[in-house]
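I have placed the structure first, in the form of structure tokens, so that the comments after it can refer back to it.
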Amino acid sequence: MSQFELKIAIADNGRFHPKTDPRFGQQTAREARHFHHTLNGYRPTPLYAMNHFAQALGVSQVLVKDESQRFCLNAFKMLGGTWAIARLLCQKLNLDIQRFSFEKFRRQGIPPMTFATTTDGNHGRGVAWAARELGQHAVIYMPKGSSPFRVKHITDLGAECIVTDMNYDDTVRLTMRMAAERGWEVVQDTAWEGYTDVPTWIMQGYATLADEAAEQMESMLNAPPTHLLLQAGVGAMAGGVLGYFADRYGADRLHTIVVEPDRADCLYRSALQGDIVNVSGDMNTIMAGLACGEPNPLGWPLLRDNVRQFISCEDRVAALGMRVLGNPLEGDPQIVSGESGAVTVGLLAAVMHHPKRAALMKQLNLTPESRILAISTEGDTDPQHYREVVWEGKDAI
């Protein structure tokens, strides 16, 4: 096997102190999943066993949940947006969330409102889809450098999409100003003072995929995961999914690793500091969905308490993961995974080929008994860039 060394900075979490949060556990996840089950086209996304990859790595199992097959939207994000919008409408209109459905709401002919959000692509697509299904309006702001393909995915759903000349976090602040001026409802996946309900609901919505994965994994292996690999932008998905698994299995029995791009590694830096650290600048990474510089303050306590290690890695790690999943070892399933979706499997592949493989395996507590769960959070949401990486060798080793 060839050897090569990619940049992987590992921060062992000295503040690991397992603690659950009742807002982000099994009960709230199952409430959200019950709602998602009412949506036309709902079905659990597949969980694939990468048996030959696991053997090459030297572990028992590597399982990858393929969120590219979520409601034909090519990413997991709509889980959070739809649940949050449903909860928001029930709160504003005094409706019963247990009886709420998009189809029933649309038939009521309630005057349309406008939902606004900032996105790197997938979250905005989910909000736009939900607004269309409800007969409402959506205005989606995107940071500078956003892919034209991701813009088109949003406008094709009938939403207005505005690409700014600012980074992600500054675009969030612009969205807030415009929404306040124009009376729009903000559906954002990070929290700030006075704005916590919607991001809480979004994190709870993401846990639908965790509930599915736990059922699937136990059905396949009759055993829980030993390792949970999560990619992070603001940390909303990572916090929501980890909250579920910590409640179900206990964080002390689960080795959770959070992975970020080195150009937007706010959680990694926060782990080193012991408190929230913001990253500014352009955050020019191929992992567009993770290019966020300010941690979600709702998700950070869960991650601080329950994550074993935070990892900051270069873009070539994500590119490697895209190629590994798209061109698997013989007998393993092929998974089309985008830049943000593939970074965790890219990390495992980078460890496999690293000159210091044995030391890294030991540090990450990867053994022949390890059962690893990773989530491919998106498919080829930018098809041109996907081909540039997988076919043309962009960000090559």
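Read-outs throughout are calculated quantities, based only on the coordinates presented, and are distinct from any laboratory measurement. Computed from a predicted structure; not experimentally measured. Neighbour counts are summed over all protein chains in view; Cβ atoms, including those assigned to glycine, are modelled from backbone coordinates with ideal geometry.
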- Query: In percent, what relative contact order does the chain have, based on Cα pairs under 8 Å that are 6 or more apart in sequence?
  - Reply: 25
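Grab the alpha carbons of the chain, take their convex hull, and tell me the volume per residue in Å³.
Cα-based convex hull of the chain, divided per residue, equals 124 Å³.
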- Query: Tell me, what ³J(HN,Hα) does each residue in region 312-329 have, in order and in whole Hz, if you take phi through Karplus 6.51 cos²θ - 1.76 cosθ + 1.60 with θ = phi - 60° and put x for Gly and Pro?
  - Reply: 10, 9, 7, 4, 5, 5, 5, 4, 4, x, 4, 6, 5, 5, x, 9, x, 4
- Task: Taking a cut-off of 27 Å between Cα atoms, list the lysines near Lys104, but don't count ones fewer than 8 places away on the same chain.
- Result: Lys77, Lys92
- Once normalised by the length of region 78-196, the mean sequence separation of its alpha carbon contacts under 8 Å that are 6 or more apart gives a contact order in percent of 26
- Query: Residue by residue, what Karplus-based ³J(HN,Hα) values in Hz, rounded to whole numbers, does region 58-63 have, using 6.51, -1.76 and 1.60 with θ = phi - 60° and x for Gly and Pro?
  - Reply: x, 10, 6, 8, 10, 10
- Message: Output wanted: per-residue J couplings in Hz (rounded whole) for region 9-15, from phi through Karplus 6.51 cos²θ - 1.76 cosθ + 1.60, θ = phi - 60°, x for Gly and Pro.
- Response: 9, 10, 10, 5, 7, x, 9
- Query: Using modelled amide H (1.01 Å from N, peptide plane; none on Pro or chain starts), what sits under 5 Å from the amide H of Gly341, excluding residues fewer than 5 places away?
  - Reply: Thr377, Glu378
- Note on the structure: Exposure-ranked with fewest Cβ neighbours within 10 Å first, Asp165, Asp262, Asp120 stand as Asp165, Asp262, Asp120
- Relative to the longest principal Cα axis of the chain, at what angle does helix 26-37 sit, 0 to 90 degrees, rounded to 10? 60
- Task: Tell me what the chain gives for mean residue ellipticity at 222 nm when only DSSP H runs of n ≥ 4 count, each as -39,500 (n - 2.57), the sum divided by the residue total, rounded to 500 deg cm²/dmol.
- Result: -13000 deg cm²/dmol
